[in-house]
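Trainee: The structure is given below, and queries will be raised subsequently.
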Amino acid sequence: MELTIALAKGRLAKFAIDLFSRCGIDTSELEEDTRKLVVYDKKNELRFILVKPADVPVYVYRGVADIGIAGKDTLLEAGLPLYEMLDLKCGKCKMCVAGYAEKQNDRITSTITRVATKYPRVAKMYYDEKGEDIEIIKLNGSIELAPILDLSDVIVDIVESGTTIRENGLAILEDVCDISARLVVNQVSLKTKSAKIQPLIAKLGCALEDM
Ligand code: PRP
């Protein structure tokens, strides 16, 4: 019974490779500097697929991958029903509302807040919970530019070291939620392949404690 694991290309993949290798999984093909998108640990009947971070939940939800590793930001934004089985406690950062602190008081309260973000779903959920109507401006990067150029009043974005916010003269106004990498499992796979998935998750959990 083969398991397919979707990994987000980039920083998270490095952490995941280290974690898998600590569990006795052969990660040699994953460590090779190639452009291959599918690699194997044949002995352990594992297939790894390398995808864009935002696509990890899609592959897992559709059952093409049984397991995926993705940031909580990506998972919240995807909003798909997946089982979140492990908090890998890496890639830690915060989802925040940021902007010019002083400008917020000057704004006429009856005007709708313009929110620039890469995470429209997360932003909407957050403001819905507060009962506040907002206008979302979806951007794909360099979000901090939006309030600087008055494209938006605030941004909803991830803050890691705080450098980008600071160097662009902005401030954190509100914390939305904590973010870290999570291991997610397809809901059907967890039932049909539990004999293989559960022991793997247990091993990964133990390896995590030693990291
Ligand atoms: C992310 C995020 C912030 C920055 C936060 O952007 O959108 O801009 O990192 O990190 P910091 O608090 O450590 O400065 P990313 O680097 O992914 O680039 P992007 O602007 O292209 O989205």
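The values are calculated or read from the model by the stated rules, or taken from the named source; none is laboratory data. Model, not experiment: these values are computed from the prediction. Virtual Cβ from ideal backbone geometry, glycine too; neighbours counted across all protein chains shown. Just the protein is used for accessible areas: all its heavy atoms, side chains included, with ligands, DNA and RNA removed. Shrake-Rupley method; radii C 1.70, N 1.55, O 1.52, S 1.80 Å.
Trainee: Using +1 on the beta carbon of Lys and Arg, -1 on that of Asp and Glu, and nothing else charged, what's the dipole of the chain about the Cα centre, debye to 20?
Mentor: With Lys and Arg at +1 and Asp and Glu at -1, about 760 debye.
Trainee: Could you go through region 198-206 in sequence order and give the Karplus-derived ³J(HN,Hα) for each residue, using 6.51 cos²θ - 1.76 cosθ + 1.60 with θ = phi - 60°, rounded to whole Hz, and x for Gly and Pro?
Mentor: Residue by residue, region 198-206 yields 4, x, 5, 5, 4, 4, 4, x, 5 Hz.
Trainee: Could you pull out every one of the lysines with an alpha carbon less than 25 Å from that of K43, ignoring same-chain neighbours closer than 8 positions?
Mentor: Counting by Cα, and skipping residues close in sequence, K43 has these lysines nearby: K9, K14, K191, K193, K196, K203.
Trainee: Turning to a different aspect of this structure: For the chain, what does the accessible surface come to per residue with a 1.4 Å probe? Please give it in Å².
Mentor: 54 Å²
Trainee: Can I ask one more? Do you know the relative contact order of the chain, to the nearest whole percent, from alpha carbon pairs under 8 angstrom that are 6+ apart?
Mentor: Numbers: 395 pairs, mean separation 58.6, N = 211.
This gives 28 percent for the chain.
Trainee: Compute the helix-to-body angle for 120-130: its Cα long axis versus the longest principal axis of the chain, expressed 0 to 90° and rounded to tens.
Mentor: Taking the Cα atoms of the chain, the angle to 120-130 is about 60 degrees.
Trainee: Within the chain, what's the longest stretch lacking GluC sites (Glu not before Pro) that sit in DSSP loops with no more than 13 other Cβ atoms inside 10 Å? Kindly include the intermediate steps, with their values, before the conclusion.
Mentor: Values: sites that count: E2, E32, E45, E132, E160.
That gives 46-131 as the longest site-free run.
Trainee: Scan the chain and report its longest stretch carrying no trypsin sites (Lys or Arg not before Pro) that are both in a DSSP loop and have at most 14 other Cβ atoms within 10 Å.
Mentor: Of all site-free stretches, the longest is 108-211.
Trainee: How many percent of DSSP beta bridges within the chain run antiparallel, rounded to 5?
Mentor: 60 percent
Trainee: Between 0 and 90 degrees, rounded to the nearest ten: what's the tilt of helix 11-22 against the longest Cα principal axis of the chain?
Mentor: 30 degrees
Trainee: Sticking with this structure for a sec: Taking amide H atoms as placed 1.01 Å from N in the peptide plane, list the residues 5 or more away in sequence, or in a different chain, whose amide H sits under 5 Å from that of G71.
Mentor: When sequence neighbours closer than 5 places are left aside, the close amide H contacts are R182.
Trainee: In addition: Counting Lys +1, Arg +1, Asp -1, Glu -1, what net charge surrounds K118 among other residues with beta carbon under 12 Å of its beta carbon?
Mentor: Once positives and negatives cancel, what remains is -2.
Trainee: Determine the dipole magnitude for region 30-128: charges of +1 sit on the beta-carbon of Lys and Arg, -1 on that of Asp and Glu, nothing else is charged, the reference point is the Cα centre, and the result goes in debye to the nearest 20.
Mentor: Approximately 240 debye in magnitude.
Trainee: How many percent of the accessible area of region 72-211 is carbon or sulfur, using a 1.4 Å probe?
Mentor: C and S fraction of accessible area: 51 percent.
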